[in-house]
Each structure stands twice: as C-alpha cells, then as structure tokens.
Amino acid sequence: MFFPFGPLQGIRGVRADRRKRREFPYIRNAVNPGREYVDENPDMSRSPSSTLGTPILVAGLLLVLGVVTYAGSFSGDFLNWDDAKYITSNPELRAPFPDAVGRIFSTFYFSNYNPLQRLSYLFEWKFFGDNALPYRIVNLLLHVLAGFLLYRVLDEWLDKPLAAFLGAALFVVHPLNVENVVWISERKTLLATVFAFAATWCYLRGARGEKRQTGLALLLFTLGLASKSSIVVLPGLFVLLDLSMRRKLAPGRYALFALPAALFGVLQVLAASAGSAIRPLHGGTVVTHVMTVVAALGRYASSWLWPVGQAPMHSFPPVMSAGDPRLWLGVAVLAVVAIGAAVSLRRNRVFLVGLVWFPVVLLPTLVIPIPIIYAERYLYLATPFLLAGSVVWLIDLKGSFRVPARVGLATATFGLIVATMLYAADWKNSARLWTRSVGVDPDVAEAWSLLGGARMSARDPAGAVIAFENALSGEPEMMGVESNLALALLATGRRVEAGQVVTIVVERELIAPRAWAILGAVRDLGGDPNGAKAAFAAGLAASPGNAHLLKNLANFHLRRGQPAAATKALEAAVRASPGDGEAWRQLGEVFRIGNQPAAAARCEVMYRKCQ
C-alpha cells in the first residue's frame with residue numbers, strides 16, 4: 001500500500017462483513033449503488049479486538065492531530081472580541097448557581113438564545129475562573145469529538161472506514177475551522193456540531209431499523225438547537241443522506257425533526273429582533289439582497305477551494321448591480337451545484353450530499369439580513385461532506401492516476417496542517433490577531449478599532465492612535481472609537497488633540513458618560529481642575545449614578561488629596577453598581593489610606609465576590 005495509507009490499512013478491513021450482519025439482507029450504499037450484501041452466514045462476527053480497537057484508534061489519531069495542530073494556541077488569553085461579555089465580564093457567571101441557571105434558560109443574551117453555550121461557561125467559571133487555558137482545551141476537545149462523530153457518520157454512510165477516517169482527519173486539521181476552535185466565544189458552533197453529528201449518526205442507524213435510535217437522534221438534535229439554532233437545516237441533511245443511499249423517503253420522520261427546528265428558529269428570530277441584530281435587506285431592496293446572497297455563496301465556495309487569507313473579519317459590500325463579478329461567481333457555483341447534483345443522482349451519489357448541503361447549511365446566515373455577510377466560521381458544518389466526497393473520489397481512482405492522487409492528497413493534508421498551525425498561533429492574543437486581520441483586509445473598521453483596544457492593553461498608545469484613526473477613516477461615526485482615540489492621545493501626551501476630540505464627542509453625544517469622564521481627565525491633566533470638575537458634574541447630571549464617571553471623579557479627588565470626597569464618590573459608585581469589582585477595590589484602597597482596616601476588609605470581600 002502506498003504511503004501514507006499503509007499504516008492505516010487495518011481501518012480498511014475492520015468492518016468487511018458489517019453489512020452482512022444487519023437485519024436487511026440487501027442494501028445499496030452511496031458509493032457502490034449496485035453492490036449487494038447477502039447474509040449467507042448470520043453467525044459471522046468480528047473479533048472483539050477489531051470491534052473495540054478501531055474507534056479507539058481513530059479517536060486517538062484524531063486527538064493527536066488536533067493537539068499537534070493547535071498546540072501553538074494553548075498559551076493564549078481571552079480576546080477582546082466577545083470573550084468579555086460571555087465570560088470575563090459576564091455577571092450571570094458570578095450569580096448564585098440556581099439563579100444563573102434560571103437566567104440562562106429564560107433570557108436572550110446578545111441577540112442569541114444559546115443556553116447550553118452559556119451553561120458550559122458557567123460550569124467552567126465555577127471551576128477555573130478567568131484562566132483561559134481550560135476554556136481553550138475544552139474547545140479543542142469538542143472539535144476532536146466532532147471529528148470523531150463525523151468519522152462515525154461517514155463510516156455508517158459510505159461503508160468505507162479509510163475514507164471516513166481521512167475525511168474526519170481533514171476536518172480536524174482544516175484551516176477554515178480555526179476560528180471555531182480557538183475563539184472561546186465560538187463554543188456554540190462546536191457544541192451544536194457535536195450534537196448535529198451525533199444526531200446524524202443515530203438517524204442513520206435508526207433509518208435501518210435499530211430501535212430507539214431515531215428518538216435519540218431527535219433528543220440530540222434538540223440539544224444542538226439549544227447550543228446554536230443555525231443547525232435548524234439538519235433535517236435537510238437527513239433527506240439528502242436517504243436519497244444518496246437510495247432509501248425510501250420518510251416525510252413523517254422528517255416532520256418529527258421539523259418541530260424543534262421551528263421552535264428554536266422562532267426563538268432565535270425573537271432574540272435577534274430584541275437585540276436589533278436583524279438589519280434592513282442587504283443593499284436596501286429584495287433584488288440587491290438576493291444578488292448579495294448569491295455572491296456570498298461564491299465567496300464561500302472559493303474559500304473552500306483555496307483556503308488562504310483567513311481572518312476573523314472580512315468586508316463584503318452588498319452587490320448593487322448585475323455587473324458585479326462576485327455575483328457571477330455565485331451564479332457559477334449554483335450552476336455547479338445543480339449540475340453536479342443531477343449527475344450524482346444518476347451515478348455515484350456520494351457527491352449529492354456535499355454539493356447540496358453546502359449552500360443549504362449557509363442559508364440561515366445569508367437569507368436573514370444580519371450584519372455579517374461572510375465569515376469563515378459559518379463553514380464549520382458546511383464542508384465535511386464535500387471533504388468526504390473528495391477523499392472517496394481520490395482514493396478510488398484507478399490506473400495511472402492512483403499514485404499521483406494519493407501523493408496529492410498527502411501533500412494537501414500536510415499543507416493544511418501547516419496553514420492551520422500558523423493561523424491558530426495568531427489567535428494567542430488580541431494584538432496579534434487583529435494585526436493579521438487588518439493585514440488581510442484593511443477595509444474593516446471594527447478590526448482596526450479592536451486592534452486599537454488591544455494595543456492600549458499592551459501599553460502601546462502610539463500604535464493605538466494609528467489603529468483608531470484608521471477605524472474612523474473607514475467608519476467616521478463608529479460608536480466609542482473617538483473616545484478611545486482621545487484616551488490614546490492622552491496616553492501619548494497629546495493633551496490638546498485629546499481635548500479637541502473628546503469635546504466633539506460630548507457635543508454630539510451629550511449623554512455619553514465615558515466621553516464626559518475622558519473630558520474631565522483631559523482637563524485635569526491639562527491643568528484645568530475647575531473645567532475637569534465641571535465636566536464630571538455635567539456627565540453626572542446627564543447620567544446620574546454612573547459608576548464609570550463616579551470612579552473617575554474619585555480619582556480626581558484623590559489626586560488633590562481629598563479622600564473624603566473620593567470616598568463619597570466611590571460609595572455612590574458601589575451603590576449604583578454593586579457588581580463593579582473595580583469600584584469596590586478602589587474604595588478599599590481609600591479606606592486603607594484613611595486607616596480604616598475593617599471597612600477596607602469588607603471592600604476586599606466584596607471585590608473577591610465580584611471576581
């Protein structure tokens with residue numbers, strides 16, 4: 001056997017007689033539609049070592065691949081992109097456990113209803129707190145588990161263990177999946193995919209007569225929906241698998257899965273509406289919206305065919321005219337899908353599933369007008385069956401094409417592993433990630449803004465100024481960026497420019513507490529204490545009890561040796577925001593300065609509770 005498949009030869013023959021032992025004596029599969037299995041020896045069985053060894057071997061190999069590929073990202077920290085709102089600054093994680101669980105299942109959170117994702121963070125927070133390493137390890141283990149379940153699905157579907165393993169291995173090491181694995185806040189996609197693949201495996205087993213498997217598939221599908229509702233289209237995969245295996249379609253069985261899909265679909269629409277995540281149609285009209293959706297399919301297909309230039313954010317302006325080449329690329333992709341599906345129906349149906357499933361699984365994120373049109377993380381569930389079909393085609397080539405095809409597959413796999421390792425390492429910290437992002441696509445204002453925040457955290461205010469200015473050049477009215485720019489200017493000693501920027505902000509946004517706080521700090525450092533005090537007073541008049549303003553006012557009083565006034569401001573801050581750990585910490589410091597150890601100790605207790 002030609003390298004690299006020789007060492008895996010044992011996987012090929014592990015289930016040589018599996019079909020013979022099934023209760024149906026005649027079965028056709030997707031790869032060999034004319035192949036017949038007749039149960040001539042119903043007592044034939046595999047050795048226990050074969051039965052138990054292969055899944056363990058596959059799981060171990062996939063785990064090794066995952067660890068080797070993603071080891072460079074383990075030392076990373078939380079990112080400044082959603083990780084704070086889901087984990088490090090999420091108040092529900094600090095609430096008593098029963099209250100937190102009740103809130104998780106009864107409320108929407110940032111335009112989503114993903115209770116199992118939030119529940120997983122709750123358990124991890126109780127055990128690991130703000131240590132990012134366990135969260136990253138759990139994400140990787142979920143990814144490897146998804147790969148193993150994909151292997152079971154492909155094995156059940158294709159009856160080709162070697163092709164199933166290679167398809168799962170490519171899924172584990174593919175660079176398009178990096179974002180889902182190393183971004184802690186993307187846990188929802190990993191959980192949903194694990195449940196989706198588990199449900200698909202049970203569905204395939206249930207469709208051939210194994211009792212209770214269909215009910216288990218329904219339960220797993222519902223759990224997946226509670227992780228991320230984008231898998232509502234999974235019943236469509238069941239239809240495609242039945243078609244590919246030439247099974248009789250079962251509308252009643254599909255309807256069972258449509259019920260939870262409809263329920264969670266409605267919940268997600270309500271959550272998105274409550275969070276203002278549903279925007280006007282792309283381009284403003286139905287025609288431009290449809291053209292943009294078609295063009296986005298072309299972009300997704302090109303990313304799968306040539307997976308280079310990955311980044312967390314990409315610009316994708318709406319398609320406004322029929323002459324846009326992106327539209328025609330999308331039309332070409334749809335034509336390939338339609339023609340390929342028609343040919344596959346007549347011949348080898350293994351490509352039917354991958355070709356049709358690819359656009360179907362992307363529809364929820366494309367048809368509903370959400371702010372993001374294109375993001376590589378949406379391909380996580382879309383590509384596995386295309387990968388599997390490609391592997392089957394390559395390893396089944398005969399004659400003179402056999403060796404070059406396998407060499408090409410081995411080379412491509414190695415290239416994917418290297419690309420994934422390099423990209424995963426860029427997710428170790430925010431500054432490195434957003435530097436890559438703006439290098440790949442410099443037109444994304446939000447990426448520049450996040451890069452500015454990362455550089456401020458890294459104590460590089462000069463670099464932050466450049467990043468914030470680039471963000472404003474791309475999106476002049478981007479909320480909060482001007483205030484951040486003023487802070488960065490202030491940190492570099494450019495007080496006059498900082499004052500000019502923040503003055504513009506407060507004139508335009510009279511109720512922006514952060515802008516008033518920055519203006520007060522600028523005036524204070526510029527030698528105008530009366531102006532600073534007036535800025536803090538104006539901000540508190542517009543936003544009474546704002547903890548951020550009160551903390552800045554306390555710092556103003558401390559710099560002038562006025563601990564009593566600082567204490568009064570901080571006490572007001574903790575009354576207004578009891579969960580603000582930083583306010584409790586500052587108040588404890590003031591009490592220590594004032595030689596009040598008992599009060600300082602109480603503040604320390606409250607600070608630790610907030611952590």
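Placing pseudo-labels 7 Å out from each Cα toward the beta carbon at residue 126 and residue 601 gives an inter-label distance of 3.0 nm. The helix-only estimate of mean residue ellipticity at 222 nm for the chain, built from DSSP H runs of length n ≥ 4 each weighted as -39500 (n - 2.57), is -21500 deg cm²/dmol after division by the residue total. Cross-link partners of residue 551 among aspartates and glutamates, defined as those whose alpha carbon lies under 12 angstrom from its own and excluding same-chain residues fewer than eight positions apart: 571, 580, 582. Ordering 503, 435, 189 by accessible surface, largest first, gives 435, 503, 189; the 1.4 Å probe counts only protein heavy atoms, with every chain in place.
Here is the size of the stretch 87-170 from its Cα atoms: Rg then Dmax, 17.4, 50 Å.
Taking the average, over residues, of other Cβ atoms within 10 Å as the packing measure, peptides 109-120, 363-374 rank 109-120, 363-374 from highest down.
Against the empirical curve 2.2 N^0.38 Å, the C-alpha radius of gyration of the stretch 526-610 lands at a ratio of 1.08. Of all lysines in the structure, those lying under 16 Å Cα to Cα from residue 85, and not within fewer than 8 positions of it along the same chain, are 188.
Which of the peptides 589-602, 529-542 is most tightly packed, and how do the rest follow, judged by the mean count of other Cβ atoms within 10 Å per residue? Could the numbers behind the result be given before it?
Numbers: 589-602: 14.8, 529-542: 17.9.
The most tightly packed comes first, giving 529-542, 589-602.
Working from Cα pairs under 8 Å separated by at least six residues, relative contact order for the stretch 171-295 is 18 percent. Taking the centroid of alpha carbons for each part, the stretch 537-611 and the stretch 462-503 are 27 Å apart. Entry note, the stretch 349-457: relative contact order of 18 percent, from Cα contacts under 8 Å with a spacing of 6+ residues.
Rounded to whole Å, the principal axis extents of the Cα atoms in the stretch 341-498 read 75, 36, 19, largest first.
Solvent-accessible area per residue in the chain equals 44 Å², computed with a 1.4 angstrom probe and all protein chains kept.
Sequence-distant contacts, meaning Cα pairs under 8 Å at least 6 residues apart, place the relative contact order of the chain at 12 percent. Using only Cα atoms, figure out Rg for the chain and give it as a multiple of 2.2 N^0.38 Å. So the chain has a normalised radius of gyration of 1.12.
Here is the P(r) of the stretch 222-321: all C-alpha pair distances, binned every 10 Å from 0, give 13, 25, 37, 23, 3 in whole percents. A straight chain from residue 334 to residue 64 at 0.36 nm per residue would run longer than the Cα-Cα distance by 93.5 nm.
For the chain, the fraction of 1.4 Å probe accessible surface lying on carbon and sulfur atoms is 65 percent.
The values are calculated or read from the model by the stated rules, or taken from the named source; none is laboratory data. Predicted, not measured: the structure shown is a model, and the values here were computed from it. Every residue, glycine as well, gets a Cβ built from its backbone with ideal geometry; the counts of neighbours run over all protein chains shown. When the accessible area is computed, the model is the full protein with side chains, heavy atoms only, and any ligands, DNA or RNA have been set aside. Shrake-Rupley method; radii C 1.70, N 1.55, O 1.52, S 1.80 Å.
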